[in-house]
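Novice: This is the structure, below, for whatever I ask next.
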Amino acid sequence: MRLTIFARLTISFFTIFLIMGTVNAYTVWKLHQVNRETAQIISIDQRILDLKNKLADSILSELAYDKKYIITKDPVFFDQLASAENEFGKHLAEAVSIADTSAKVESLGRVRSHHERYQSLVREEIEQAKRNPLYIKAQYEKEKGKVIDQILEELKVLETSSQQDIYGRMNTLKDAAGSAGTLAILMLAIAFVLVIGTSFVSTRSITKPLAALMDKTKEISKGIFEGEINIPSPPELSELTMAFNVMCYKLKRVDTMKSEFLSTMSHELRTPLASIKEGIGLLQDGVGGAMTEKQKRLLAILSEETHRLIGLVNSLLDVAKMEAGMMRYDFQQESLPPLISKVLMEMGPLIEAKKIRLQTDMEGELPLLSLDRERMLQAIRNLVGNAVKFTPEQGQVKISVCRKGEGIEFSVNDTGFGIPKENLTAIFEKFHQPPVRTSEWGKGTGLGLAFVKYIITAHGGKVWAESEPGQGSTFIFVLPLRPVA
Ligand code: ADP
């Protein structure tokens, strides 16, 4: 099952949300743990330490009021003794109610029993003092002192136990905070990797087919219709690629139909054009009788136009042949410079008429190449012809041939108006429409550079153009030294 783009995005966002949510939940849980430990310290251990101090104060107050009462027999001191005992009992009860460990409970139990012992000693001494003023006071003093020491000793034990608990809880807090920190960083790192991974996977499945579509669109813009896009993609994009493939197929058919139409038309036109040419020739030879000057001029124009039409029809047929791979080439071992010289000689009058400065650089021995002489002449003629055609009067044309690695490089440079960067590839396509401003140079067929490309490619070479608008253009081709297979 292939997921839709909506489902992919929803799943990846949900995954990211889930990962971030887990990291947050873990941090909140750890914070809660830290809070609980802190609350324990404040509400139990710290409170028990306070109560321990209060218990110690109360027992010492009890001791003081008890002594005062025995000596003075003043009932005020007895009341104060009772109230101190009461205070002690209240603090002890509170401490027992919050004690959270058995050690504390046991310690408080011992405090209670020592206190009860102390209270019974006090009551006993008071009774004795009432009944027999000569009782052995020192005996009670010693006994009570011992019990008080035991209570204070036990309170000390309670203090130590609470402090140890505080210390233990602080350690737990430290560990919890430490492990929470480490784990949070670790989980964040994992979350980061997972988020990047999920985003990558989900976006890649969308961008990959889009990139393929983009590449194919570029190919179509260059006139390459072969091949179809076949990449697993989300349903929405699958539909788009399918529609795109159908469009591509239809474009290819239209292109083939156009080529077939042109070639059929050219064929059909060739015979009547040849007859017209013959007829004009006969008329010019006076077969139809004597002609006025005006009739002769008209026939000359007709002859020229027919010649042009026959040339165009032949070119169209040649293109059709080259496209169909039916063009025959007669490869021979040839040298390139003589072919260039021949073309330059043919164009001499035109170059002179436009007062163009011609510079050639063809010195040095160059190896022979496997060439079809006529086709190569045609390619050179087209390139040099264009350079002369598009260079204004008194401009300059430079031609050079030299060895370049495993090949021979030919280049023709002119001082014309140049070619916009975006057209540098398109001009090699057949019927390329020239920009409006070139119309002043006469109408071309748009087939010249297409021929050059077919011919150079058939020779195993490469051709391209370089140009800076306003600074002229350079057309270069490279032919390999090894013969074409
Ligand atoms: P055409 O017969 O129309 O000249 P080509 O295929 O020879 O056909 O050239 C195609 C187009 O490329 C031309 O119309 C022109 O716009 C451009 N071009 C070719 N050569 C040059 C050049 N040397 N300088 C400027 N533009 C050029």
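Novice: Kindly provide the set of residues from region 133-150 that are in a helix (DSSP H, G or I) and out of contact with any Phe, Trp or Tyr (no Cβ under 7 Å at 6 or more places or on another chain), ordered by number.
Specialist: Within region 133-150, the subset in a helix (DSSP H, G or I) is 137-150.
Correct list: 137, 138, 139, 140, 141, 142, 143, 145, 146, 149, 150.
Novice: A further question on this structure: State yes or no: is residue 236 touching a residue at least 24 places away in the same chain (Cβ under 8 Å), closer than 30 Å to residue 15 by Cα, among the acidic types (Asp, Glu) and in contact with a helix residue (DSSP H, G or I) (Cβ under 9 Å, 6 or more places away or on another chain)? Give the steps one after another, and end with the answer.
Specialist: Working: touching a residue at least 24 places away in the same chain (Cβ under 8 Å): yes; closer than 30 Å to residue 15 by Cα: yes; among the acidic types (Asp, Glu): yes; in contact with a helix residue (DSSP H, G or I) (Cβ under 9 Å, 6 or more places away or on another chain): yes.
When the stated conditions are applied, residue 236 passes them.
Novice: Still on this model: Does region 277-295 hold any residues that are open to solvent by 90 Å² or more (accessible area, probe 1.4 Å) and within 30 Å of residue 321 (Cα to Cα), and which are they?
Specialist: Within region 277-295, 277, 278 meet the criteria.
Novice: Something else: Filter region 404-430 for residues that are out of contact with any Leu (no Cβ under 7 Å at 6 or more places or on another chain) and either assigned to a helix (DSSP H, G or I) or modelled with pLDDT under 85 (or both) and give the result.
Specialist: Let us first name the residues in region 404-430 that are out of contact with any Leu (no Cβ under 7 Å at 6 or more places or on another chain), namely 404-405, 409, 411, 413-426, 429.
Answer for region 404-430, where residues must be out of contact with any Leu (no Cβ under 7 Å at 6 or more places or on another chain) and either assigned to a helix (DSSP H, G or I) or modelled with pLDDT under 85 (or both): 405, 421, 422, 423, 426.
Novice: Can you tell me which of (1) surrounded by fewer than 20 Cβ atoms within 10 Å (Cβ to Cβ); (2) more than 10 Å from the ligand (Cβ to nearest atom) is the one residue 389 doesn't meet?
Specialist: Against the list (1) surrounded by fewer than 20 Cβ atoms within 10 Å (Cβ to Cβ); (2) more than 10 Å from the ligand (Cβ to nearest atom), residue 389 comes up short only on (2).
Novice: Also, I was wondering about something else. Please indicate, with yes or no, whether at least one residue in region 84-103 is among the aliphatic types (A, V, I, L, M) and not in a helix (DSSP H, G or I).
Specialist: Step one: list which residues in region 84-103 are among the aliphatic types (A, V, I, L, M), which gives 84, 92-93, 95-96, 98-99, 103.
Then keep just the ones that are not in a helix (DSSP H, G or I); that gives 99.
Yes, that holds for at least one residue.
Novice: If you scan region 58-102, which residues turn out to be small (Gly, Ala, Ser), more than 29 Å from residue 131 (Cα to Cα) and open to solvent by 50 Å² or more (accessible area, probe 1.4 Å)? Walk me through it before giving the result.
Specialist: Residues of region 58-102 small (Gly, Ala, Ser): 58, 61, 64, 82-84, 89, 93, 95, 97, 99, 102.
This time we only want the ones that are more than 29 Å from residue 131 (Cα to Cα), so: 93, 95, 97, 99, 102.
Passing the criteria: 93, 97, 102.
Novice: Right, something else. Within region 40-57, can you find the residues that are within 60 Å of the chain's Cα centre (by Cα) and open to solvent by less than 50 Å² (accessible area, probe 1.4 Å)?
Specialist: Pass one, region 40-57, residues within 60 Å of the chain's Cα centre (by Cα): 40-47.
Of everything in region 40-57, those that are within 60 Å of the chain's Cα centre (by Cα) and open to solvent by less than 50 Å² (accessible area, probe 1.4 Å) turn out to be 41, 44, 45.
Conditions tested, residue by residue: (1) farther than 30 Å from residue 429 by Cβ; (2) at pLDDT 85 or above.
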site	(1), (2)
304	no, yes
311	no, yes
325	no, no
349	yes, yes
354	no, yes
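Novice: Would you pick out the residues in region 191-225 that are surrounded by 14 or more Cβ atoms within 10 Å (Cβ to Cβ), more than 15 Å from the chain's Cα centre (by Cα) and either under 14 Å from residue 20 (Cα atoms) or of a type in the set (S, T, N, Q) (or both)?
Specialist: 191, 194
Novice: Same structure, new question: Out of the residues in region 7-21 that are open to solvent by less than 70 Å² (accessible area, probe 1.4 Å) and at pLDDT 85 or above, state the one that is farthest from residue 191 (Cα to Cα). Spell out the reasoning first.
Specialist: Taking region 7-21 and keeping what is open to solvent by less than 70 Å² (accessible area, probe 1.4 Å), we get 7-10, 12, 15-16, 19, 21.
Adding the requirement that they be at pLDDT 85 or above leaves 7, 10, 21.
Numbers: 7: 21, 10: 17, 21: 10 Å.
Checking each candidate, the answer is 7.
Novice: Does residue 285 qualify as being acidic (Asp, Glu) and under 21 Å from residue 430 (Cα atoms)? Show your work before the answer.
Specialist: Values: acidic (Asp, Glu): yes; under 21 Å from residue 430 (Cα atoms): no.
When the stated conditions are applied, residue 285 does not pass them.
Novice: Continuing with the same structure: Run down 238, 275, 221, 233 and say which single residue is hydroxyl-bearing (Ser, Thr, Tyr) and at pLDDT 90 or above.
Specialist: Values: 238 fails: at pLDDT 90 or above; 221 fails: at pLDDT 90 or above; 233 fails: at pLDDT 90 or above.
Result: 275 is the single residue among 238, 275, 221, 233 that is hydroxyl-bearing (Ser, Thr, Tyr) and at pLDDT 90 or above.
Novice: Still on this structure, I have one more. Collect the residues in region 339-366 that are within 55 Å of the chain's Cα centre (by Cα), among the hydrophobic types (A, V, I, L, M, F, W, C) and open to solvent by 50 Å² or more (accessible area, probe 1.4 Å), keeping them in residue-number order.
Specialist: Within region 339-366, 358 is the sole residue that qualifies.
Novice: State which residue pairs qualify: first residue over 15 Å from residue 463 (Cβ atoms) and modelled with pLDDT under 95 and inside region 373-393, second residue buried (at least 22 other Cβ atoms within 10 Å of the Cβ) and among the charged types (D, E, K, R) in any location, beta carbons under 6 Å apart, and separation of 6 or more residues or different chains.
Specialist: That search, which allows pairs on different chains as well, returns 391/414.
Novice: Related question: Between a first residue in region 453-471 that is more than 13 Å from the ligand (Cβ to nearest atom) and a second residue that is polar (S, T, N, Q) and modelled with pLDDT under 95, which pairs have beta carbons less than 9 Å apart while being 6 or more apart in sequence or on different chains?
Specialist: 459/370; 460/370
Novice: Can you find a residue that is of a type in the set (A, V, I, L, M), open to solvent by 100 Å² or more (accessible area, probe 1.4 Å) and assigned to a helix (DSSP H, G or I) anywhere in region 257-267? Show your work before the answer.
Specialist: If we filter region 257-267 for residues that are of a type in the set (A, V, I, L, M), which is where we start, we get 257, 262, 265.
Checking which are open to solvent by 100 Å² or more (accessible area, probe 1.4 Å) leaves us with 257.
Subsequent filtering for residues that are assigned to a helix (DSSP H, G or I) retains 257.
Checked against the condition, which is being of a type in the set (A, V, I, L, M), open to solvent by 100 Å² or more (accessible area, probe 1.4 Å) and assigned to a helix (DSSP H, G or I), region 257-267 yields at least one hit.
Novice: Something else: Pick from 105, 111: which is surrounded by fewer than 15 Cβ atoms within 10 Å (Cβ to Cβ), over 60 Å from the mean Cα position of the chain (by Cα) and β-branched (Val, Ile, Thr)? Write out each step before concluding.
Specialist: Working: 111 fails: surrounded by fewer than 15 Cβ atoms within 10 Å (Cβ to Cβ).
The unique qualifying residue is 105.
The values are calculated or read from the model by the stated rules, or taken from the named source; none is laboratory data. As the structure is a prediction and not an experimental result, all values here were calculated from the model. Don't worry about glycine lacking a Cβ; one is built from the backbone with ideal geometry, like all the others, and counts go over all protein chains shown. The area values use the complete protein model at the heavy-atom level, side chains included, leaving out ligands, DNA and RNA. Shrake-Rupley method; radii C 1.70, N 1.55, O 1.52, S 1.80 Å.
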